[in-house]
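Structure first, commentary second.
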Amino acid sequence: GIQLANLYLKNYHDADRVIQSLSGVHTQVVDYLSEQVFMQLSPSVQMFLLQMSVLRKVNLQLLQAVTKHSKTQSIFEEIQQRGLFILAIDEQRYWYRVHHLFREFLENRFKATDLKQYEQAHHRAAYWYKEQGFLMEAIYHAQQAHDQVLVVSLLEAISRELVLDGRVYTLLELVKQLPEQDLSKHLHLLYDTIWVCILTHQNTLANHYIQLWHKVETSNNLILHEDQHGLAPMISLLEDDLPKAYALAQK
């Protein structure tokens, strides 16, 4: 690591900036990790590491779900014994992480050599996290797997929790990445999104989603839940139609 950093410092004088900018895609880093580390391993360990690289943190159960390898524990122990840049991140030694330089190198190699398996590994990780109840992690992996259906389903399941936890901008950023035709099929998520826009005083964006709500409403497929009836008077209030807002609120 010191030698690699020194190679960069010969060309740049800002040591702090060089260290902070080092990544697993820099040429010297890639050459070193490829020739001196990765190519020295057996094909089975290589594939195991490539599949593990899609994970930002790992444990044995998650690795088993992602790699589908019958000897997950023994290979994981071998990786630790050989010092392949993996460190425990809790006192119980349950969760581990791979050093970011090595993980970036592996992930980029995996994506470049077998994109289909790369996405499948993310897909398996998404379902594992979903089963464990870690929905934000599941959303991340579903995005990497380009499974838009799963992303929307997970986001709808967690949207109310994000609102109640005050993570409204996290919700909005995720919603903005969704195609509107998908959003219009998930009314709970659309409803929560409108309220988030209202609560954060983003009236232009709120009106945009309200128009989408109206389109769904006129399609005669809208089934309102009890709490969603409150949206109609709020829409009228935003439109400065106070009599209508009052009448709807009373109703």
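Assorted remarks:
- Of all the criteria given as (1) in a loop (DSSP other than H, G, I, E, B); (2) farther than 22 Å from P233 by Cα, the one not satisfied by H201 is (2).
- Qualifying residue in the range 192-213 (condition: among the aromatic types (F, W, Y) and open to solvent by less than 50 Å² (accessible area, probe 1.4 Å)): yes
- Residue-level check: of (1) open to solvent by 60 Å² or more (accessible area, probe 1.4 Å); (2) charged (D, E, K, R); (3) assigned to a helix (DSSP H, G or I), R97 misses just (3).
- Restricting the range 159-184 to residues that are within 13 Å of the chain's Cα centre (by Cα) and not acidic (D, E), the residue that is nearest to A125 (Cα to Cα): L174
- For the range 167-181, a tally of residues being of a type outside the set (S, T, N, Q) and more than 13 Å from T193 (Cα to Cα) returns 1.
- Enumeration of residues in the range 141-153 that are free of Cβ contacts under 8 Å to residues at least 40 places away in the same chain and either surrounded by fewer than 18 Cβ atoms within 10 Å (Cβ to Cβ) or assigned to a helix (DSSP H, G or I) (or both): A142, Q143, H146, Q148, V149, L150, V151, V152, S153
- Among the residues of the range 71-94, the ones that are closer than 16 Å to S42 by Cα and in a loop (DSSP other than H, G, I, E, B) come to 4 in all.
- Flag for L87 being buried (at least 17 other Cβ atoms within 10 Å of the Cβ) and aliphatic (A, V, I, L, M): no
The values are calculated or read from the model by the stated rules, or taken from the named source; none is laboratory data. No experiment lies behind these values; they were computed from the predicted model shown. Cβ sites come from the backbone with ideal geometry, for glycine too, and all protein chains shown count toward neighbours. Accessible surface areas use protein heavy atoms only, side chains included; no ligands, DNA or RNA. Shrake-Rupley method; radii C 1.70, N 1.55, O 1.52, S 1.80 Å.
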